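The values are calculated or read from the model by the stated rules, or taken from the named source; none is laboratory data. Small disclaimer: the values here were computed from a predicted structure and weren't measured. Backbone-built Cβ (ideal geometry, glycine too); neighbour counts: all protein chains shown. These accessible areas exclude ligands, DNA and RNA; they are computed on the full protein's heavy atoms, side chains included. Shrake-Rupley method; radii C 1.70, N 1.55, O 1.52, S 1.80 Å.
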Amino acid sequence: DTGVSQNPRHKITKRGQNVTFRCDPISEHNRLYWYRQTLGQGPEFLTYFQNEAQLEKSRLLSDRFSAERPKGSFSTLEIQRTEQGDSAMYLCASSLEGWTEAFFGQGTRLTVV
Amino acid sequence: DQQVKQNSPSLSVQEGRISILNCDYTNSMFDYFLWYKKYPAEGPTFLISISSIKDKNEDGRFTVFLNKSAKHLSLHIVPSQPGDSAVYFCAASAGDGSQGNLIFGKGTKLSVKP
């Protein structure tokens with residue numbers, strides 16, 4: 001297993017466009033998390049899946065954000081009508097049981113111009 | 001308001017000496033704490049954790065101390081090595097660490113000089 005994979009690694013988009021990121025977790029992991037990290041800050045929680053069920057969402061996840069995890073495997077995070085404030089590193093993590101076994105991907109860096 | 005605070009943005013230590021990274025929290029519901037290390041262009045990597053029922057957890061060169069009454073934890077790295085140079089994040093969770101989200105601090109950049 002190659003670990004948690006995130007694609008694309010970098011995305012530059014114009015304000016107002018929609019973007020979609022993909023996360024492929026470690027295959028046997030049933031928990032999947034999305035975090036966002038801006039410059040000088042620690043990662044901030046966005047949402048959490050257990051299998052295909054989205055169990056928790058942060059208030060940071062506005063109506064423009066949507067995440068899915070069909071069939072409990074890979075996950076997508078879509079941002080509609082991007083704004084400059086959406087520019088950040090979007091991190092995905094997965095685990096089987098809990099946080100001590102969680103692995104983060106390398107992230108997708110989004111730049112909104 | 002920041003629930004997990006790492007007040008030192010950076011720390012510089014000589015190789016072979018002890019590195020001490022500090023973390024304070026405000027939410028008394030937190031009862032599980034983790035430290036992550038992050039190299040540039042990589043995702044955070046889990047380092048060590050501690051449950052609130054303990055006051056110390058050790059793993060090789062890394063030891064985490066928890067002072068619940070002071071709502072303070074620290075990570076000790078002994079001896080420090082140049083490869084330890086990275087950003088270290090403290091994170092906290094309410095629960096036993098098996099679910100839910102983590103609250104991260106802003107991180108401390110550790111530089112270990114040869």
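Here's the yes/no breakdown for (1) under 15 Å from B:M29 (Cβ atoms); (2) of a type outside the set (D, E):
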| site | (1), (2) |
| --- | --- |
| B:F46 | no, yes |
| B:D55 | no, no |
| B:V64 | no, yes |
| B:H76 | no, yes |
| B:G83 | no, yes |
| B:S93 | yes, yes |
| B:S111 | no, yes |
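Please verify whether A:S75 is within 14 Å of chain B (Cβ to nearest Cβ), in contact (Cβ under 8 Å) with a residue 24 or more places away in the chain, within 21 Å of B:E42 (Cβ to Cβ) and open to solvent by less than 20 Å² (accessible area, probe 1.4 Å), treating the condition exactly as stated. No.
Just one of the listed residues (A:G42, A:G107) is in contact with a Phe, Trp or Tyr (Cβ under 7 Å, 6 or more places away or on another chain), free of Cβ contacts under 8 Å to residues at least 12 places away in the same chain and within 18 Å of B:Y36 (Cα to Cα), namely A:G42. Selection over the range A:87-104 of residues that are modelled with pLDDT under 95 and part of a loop (DSSP other than H, G, I, E, B) gives a count of 4. Can you tell me which residue within the range B:18-51, out of those that are away from every other protein chain (no Cβ under 14 Å) and of a type in the set (S, T, Y), is least open to solvent (accessible area, probe 1.4 Å)? Checking each candidate, the answer is B:S19. Of all residues in the range A:27-50, those that are open to solvent by 40 Å² or more (accessible area, probe 1.4 Å) and within 13 Å of the chain's Cα centre (by Cα) total 1. Within the range B:96-112, the presence of at least one residue that is more than 14 Å from every other protein chain (Cβ to nearest Cβ), farther than 24 Å from A:S94 by Cβ and crowded, with 16+ Cβ neighbours inside 10 Å is confirmed. On inspection, A:N18 qualifies as out of contact with any strand residue (DSSP E or B) (no Cβ under 6 Å at 6 or more places or on another chain), in contact (Cβ under 8 Å) with a residue 40 or more places away in the chain and of a type outside the set (A, V, I, L, M, F, W, C).
Here B:P79 meets the list (1) of a type outside the set (F, W, Y); (2) at the interface with chain A (Cβ under 9 Å from one of its Cβ atoms); (3) farther than 30 Å from A:L55 by Cα almost entirely, failing just condition (2). Summed over the range A:14-59, the residues that are within 11 Å of another protein chain (Cβ to nearest Cβ) and among the small types (G, A, S) give a count of 3.
Does the range A:68-86 include one or more residues that are in a strand (DSSP E or B), of a type outside the set (K, R), at pLDDT 90 or above and out of contact with any Phe, Trp or Tyr (no Cβ under 9 Å at 6 or more places or on another chain)? No; the residues of the range A:68-86 include none that is in a strand (DSSP E or B), of a type outside the set (K, R), at pLDDT 90 or above and out of contact with any Phe, Trp or Tyr (no Cβ under 9 Å at 6 or more places or on another chain). Inside the range A:51-67, can you point out the residues that are over 14 Å from the mean Cα position of the chain (by Cα) and not in a loop (DSSP other than H, G, I, E, B)? Listed by number, the residues that qualify are A:A53, A:L55. Of the residues making up the range B:86-114, those that are modelled with pLDDT under 95 and out of contact with any strand residue (DSSP E or B) (no Cβ under 7 Å at 6 or more places or on another chain) number 4.
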